[in-house]
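The values are calculated or read from the model by the stated rules, or taken from the named source; none is laboratory data. Being a predicted model, the structure only gives us computed values, none of them experimental. A quick note on method: Cβ atoms are made from the backbone with ideal geometry, for glycine too, and the neighbour counts reach across all protein chains shown. To get the accessible areas, we keep the full protein, side chains included, count just its heavy atoms, and leave off ligands, DNA and RNA. Shrake-Rupley method; radii C 1.70, N 1.55, O 1.52, S 1.80 Å.
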Amino acid sequence: MKRSEARDDLETYLQDHYAGAVGAIELLDHLGEAHRGKPLGEFFQLLHTDVQADHETLHKIMTALEIDESSVRNAGAWIAEKFGRGKLGFGGGETSGIRLLQALESLFLGITGKRLLWRALQAVHEAEPSLAHTDFDSLEKRAVDQLERVQTQRLEAARATFQKI
């Protein structure tokens, strides 16, 4: 593969992850609002803060690599999150049990993708001097922590939803 092709692939990869984070941040905004004043609302606000920080880190990495975010991809992620609300049943209030479970599973999948992003960048960081000062181990550990926290809430939502059967 030519260097220019590899560069284009890296650009696409990072822009896709960046756009995915746009959708996750929108989802977390909505979930935090829907559960405001309750423990779950605080959970979503704290997770939002973490995801926003990771998004900013990715932005810094992209800037260092001279890769612009893709407004088309970001808009697509934003729109997809809005359409996803229909599936997840977000209205004016709290989400139902199954919809909360599905929202948490969506977040889990997204965070798993972010963890894989950090690992992939760790694997190539020695070949790219502008990535040399990024602590990918810490970023991956934070993603694992986020996954554990989301998993705890996901299992609680599953118990609360399905224990009635």
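Taking the dipole about the Cα centre of the stretch 1-71, with the C-beta of Lys and Arg at +1 and of Asp and Glu at -1, give me whichever of Tyr18, Val51, Ile67 is farthest to the positive side.
Val51
Quick one: order Phe136, Phe108 from most to least accessible surface, probe 1.4 Å.
These residues rank, largest area first, as Phe108, Phe136.
Where only protein heavy atoms count, and the probe is 1.4 Å, what is the accessible area per residue for the stretch 1-53 in Å²?
54
Determine the sum of side-chain charges near Lys141: Lys and Arg each +1, Asp and Glu each -1, restricted to other residues whose C-beta is under 10 angstrom from that of Lys141.
-2
With a/c under 1.5 counting as rounded, go ahead and sort the stretch 23-72 into rounded, prolate or oblate using the C-alpha gyration tensor (a ≥ b ≥ c being the square roots of the eigenvalues; past the cut-off, prolate if a/b is larger than b/c, else oblate).
oblate
For Val124, Val51, what's the largest-to-smallest order of accessible area, 1.4 Å probe?
Order by accessible area, largest first: Val124, Val51.
Using the per-residue mean of other Cβ atoms lying within 10 Å as a proxy for protection, in what order, highest first, do the peptides 158-164, 44-50 fall?
Result, highest mean Cβ count within 10 Å first: 44-50, 158-164.
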